Amino acid sequence: MINKIIPTVEQALANIHDGATIMIGGFGGAGQPAELIDALIEQGARDLVIVNNNAGNGETGLAALLKTKRVRKIICSFPRQADSQIFDGLYRAGELELELVPQGNLAERIRAAGAGIGAFFTPTGYGTELAKGKETREINGKMYVLEHPIHADVALIKAERGDRWGNLTYRKTARNFGPIMASAAKLTIASVHEIVELGSLDPESVITPGLFVHRVVQVPRSATGPAGFKAA
């Protein structure tokens, strides 16, 4: 019998190894799996490479993980904002590597990993510092940059509902990077607000099939998300 439900977030995060590349869903606070991040902090893995849209807000969620100084590198599209003081301090001190990726390229590099694409050409970034050292090619009179997929050891994502097979549905914009990250990781761990019986999810509404999900853990819905964001 397939049953991917894990009783606690601590058990769900138990065997993540040092040096792992971890994708973390979320667009700011929307869809950020804060409880899984907190469990990762408690779990203690070090020398991590984190893939996320941004580099944390305030001192909770992803920012709290960065504050532990157990992240070696972050790959993201939007590292600096008004409350990114944790990232700013670590980066300026030379304690954190940054790979800056345009947001569309970030999403496509993750999607490409899940789709089994070896590499792809994109016009985004051509002629800028972001294309330095990368292969370029003229196609139909336009210049393109070769970009490679981003694969991960682990994806931590947040969904609205899930069943014991790992099928997931999302709540509005909280979906964001979740589906593509789930397909690009060797191990996908999903937090959900509700676990439902098999057959309760309309197949037409399932965004991430259980094929891409390995562990599902239920977490309560809080009134606010990370850094005061309204919970999604």
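The values are calculated or read from the model by the stated rules, or taken from the named source; none is laboratory data. A quick note: this is a predicted structure, and the numbers were derived from the prediction, not measured. Cβ placement follows ideal geometry from the backbone for every residue including glycine, while neighbour counts extend to all protein chains displayed. These area figures cover heavy atoms from the full protein model, side chains too; ligands, DNA and RNA do not enter into them. Shrake-Rupley method; radii C 1.70, N 1.55, O 1.52, S 1.80 Å.
Things to note:
- Of note, Ala155 does not satisfy the criterion of being over 19 Å from Lys73 (Cβ atoms) and not hydroxyl-bearing (Ser, Thr, Tyr).
- Top-ranked residue in segment 177-194 [being among the hydroxyl-bearing types (Ser, Thr, Tyr) and touching a residue at least 60 places away in the same chain (Cβ under 8 Å); ranked as surrounded by the fewest Cβ atoms within 10 Å (Cβ to Cβ)]: Ser183
- Members of segment 151-174 found to be of a type outside the set (Val, Ile, Thr) and under 14 Å from Met23 (Cα atoms), listed by number: His151, Ala152, Asp153, Ala155, Leu156, Lys158
- Flag for Leu65 being part of a helix (DSSP H, G or I), modelled with pLDDT of 95 or more and either open to solvent by less than 10 Å² (accessible area, probe 1.4 Å) or farther than 14 Å from Ile150 by Cβ (or both): yes
- In segment 195-220, the residues that are within 19 Å of Ile37 (Cα to Cα) and either touching a strand residue (DSSP E or B) at 6+ places or on another chain (Cβ under 7 Å) or buried (at least 16 other Cβ atoms within 10 Å of the Cβ) (or both): Val213, His214, Arg215, Val216, Val217, Gln218, Val219
- When Leu201, Leu187 are checked against the criterion of being part of a loop (DSSP other than H, G, I, E, B), in contact with an Asp or Glu (Cβ under 7 Å, 6 or more places away or on another chain) and not basic (Lys, Arg), Leu201 stands alone in meeting it.
- Counting only strands (runs of 3 or more DSSP E) that sit wholly inside segment 72-161, those with at least 3 residues that are open to solvent by 30 Å² or more (accessible area, probe 1.4 Å) and closer than 27 Å to Gly56 by Cα are 97-100.
- Segment 38-52 residues that are closer than 16 Å to Ala190 by Cα and open to solvent by 30 Å² or more (accessible area, probe 1.4 Å), paired with ones that are at pLDDT below 95 and not in a helix (DSSP H, G or I) (beta carbon under 9 Å, 6 or more apart): Asp38/Thr60; Asp38/Gly61
- Whether a residue is over 30 Å from Ile5 (Cβ atoms) and in contact with a Gly (Cβ under 8 Å, 6 or more places away or on another chain) was assessed, and Asp83 passes this test.
- Any hit, segment 135-145, residues being over 21 Å from Ser77 (Cα atoms) and among the small types (Gly, Ala, Ser): yes
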